[in-house]
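First up is the structure itself, then whatever we jot down about it.
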Amino acid sequence: MIHIFPTKFVYWEKIENHDNIKDKYIKIISQDLEKNREQIQKNFLWNCKCTSSFFSLDFMEELVNENLLNDIVWNPMDNMLKELGELINLPTPKSSKIKNIWYNDYNSGNWQEVHDHTGQQESTYSGIYILKLNEENQTTFVDSNFIKSWNMKQNFYVFETCHIEEGNVIIFPSELMHYVNPCKDHRISISFNIKSTF
């Protein structure tokens, strides 16, 4: 007999009505940046270079739209659970809810440090919806679990997402480390954390 634990993973899928979502939310984010950029940057506590609404709770209300959540969170999550449930026996949650949702705006040279989404959020899964991308995707995932080799050096497992284009949502376990290399052009993403109970 054997029991295989579900492993860390990165799941992605293309959002069908991305063009409509992009038109609407680029305007909302641009207006918010024009109005609140100074306050957003003042409240910013991360060790990186980008503009994020993570610390601006007011903007969460703008993003929590049922249609948007169905398109970029719940439908992809259902697809992910179905696919990975069959592949690696990933358990299906009894219930899930959005812990928080925010946007990240990257200009040329902007980057995000290595981090995960556990912290104070108590999240199970996290996601990145690539709303606007004028270059190859710069997000990289790193699994710090390692196999000890004969010389006891630590090996890292790296997954680069340069092939995942604008209009895709990426969902992954919240404890999976990731970062964004410096952007060459302009990138806007919507990120979210989901808390699931089993």
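Values quoted throughout were computed directly from the atomic coordinates according to the rules given, and no laboratory measurement underlies them. Because the structure is a prediction, the values reported are computed rather than measured. All Cβ positions, even for glycine, are placed from backbone atoms using ideal geometry, and neighbour counts span all protein chains on display.
When the chain is fully extended, how far beyond the present Cα-Cα distance does Y157 get from C48, taking 0.36 nm per residue of separation?
Details: separation 109, 0.36 × 109 = 39.24 nm, distance 2.25 nm.
Result for the pair: 37.0 nm of gain on full extension.
For F55 and N75, FRET efficiency with R0 = 35 Å and r from the beta-carbon atoms, rounded to 0.05?
Efficiency for this residue pair is about 0.80.
Between E83 and R37, how high is the FRET efficiency from 1/(1 + (r/R0)^6) when r is the Cβ-Cβ distance and R₀ = 35 Å? Nearest 0.05. Spell out each step's value before the answer.
Details: r = 39 Å, r/R0 = 1.11.
That pair, E83 with R37, gives E of 0.35.
Calculate the spin-label point distance for V142 paired with N107, positioning each point 7 Å from the Cα along the beta-carbon direction, and give it in nanometres.
With each label placed 7 Å out from Cα toward Cβ, I get 2.7 nm.
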